């Protein structure tokens with residue numbers, strides 16, 4: 001019985017991670033989970049043609065379902081990466097806001113977003129355990 005390889009966000013460049021997270025965030029608001037190039041580009045504050053190269057790379061790595069000039073949808077693998085990033089960012093937000101008591105929400109969000117790409121699964125689990133014991 002073969003076990004499916006566990007997805008590690010560190011297996012993907014930070015630029016891939018940023019796109020996957022943003023595609024996920026945009027598509028969550030849409031019926032069926034599809035996002036357009038334009039919506040993703042606006043969310044990332046880039047021009048729509050500039051994302052095409054990245055979408056080709058994400059598709060090649062089986063992270064999205066996409067055909068040029070059509071909508072984008074994350075694959076199961078792409079969703080796993082995006083969900084890990086979102087979970088890590090939430091843990092970091094709690095850590096900086098509640099443990100370190102940093103009241104500057106934009107700063108906390110910025111720092112959390114920058115750090116989330118470098119947190120391994122083991123570190124994420126350690127953060128969860130720490131926060132569970134610290135906040136109870």
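Annotation note: of 46, 40, 26, the sole residue that is surrounded by 15 or more Cβ atoms within 10 Å (Cβ to Cβ), closer than 20 Å to residue 117 by Cβ and free of Cβ contacts under 8 Å to residues at least 24 places away in the same chain is 26.
Of 120, 75, all but one fail to be within 16 Å of residue 11 (Cβ to Cβ) and touching a strand residue (DSSP E or B) at 6+ places or on another chain (Cβ under 7 Å); the exception is 75. Report yes if residue 8 is within 21 Å of residue 123 (Cβ to Cβ), at pLDDT below 90 and within 13 Å of the chain's Cα centre (by Cα), otherwise no. Yes, satisfied.
When we screen 131, 107 for residues that are without any contact (Cβ under 8 Å) to a residue 24 or more places away in the chain, part of a helix (DSSP H, G or I) and more than 21 Å from residue 10 (Cα to Cα), the only hit is 107. For segment 54-71, a tally of residues being closer than 15 Å to residue 15 by Cβ and loosely packed, with under 11 Cβ neighbours inside 10 Å returns 1. Please determine whether any residue of segment 30-37 is closer than 20 Å to residue 87 by Cα and modelled with pLDDT of 90 or more. No, that holds for no residue. Of the residues making up segment 81-112, those that are surrounded by fewer than 17 Cβ atoms within 10 Å (Cβ to Cβ) and under 9 Å from the mean Cα position of the chain (by Cα) are 83, 86, 87. Screening residue 102 on (1) within 28 Å of residue 38 (Cα to Cα); (2) outside any helix (DSSP H, G or I) shows it passes everything except condition (1).
The values are calculated or read from the model by the stated rules, or taken from the named source; none is laboratory data. Note that this is a predicted model, so its numbers are computed, not measured. Neighbour counts run over all protein chains shown; Cβ positions are idealised from the backbone, glycine included.
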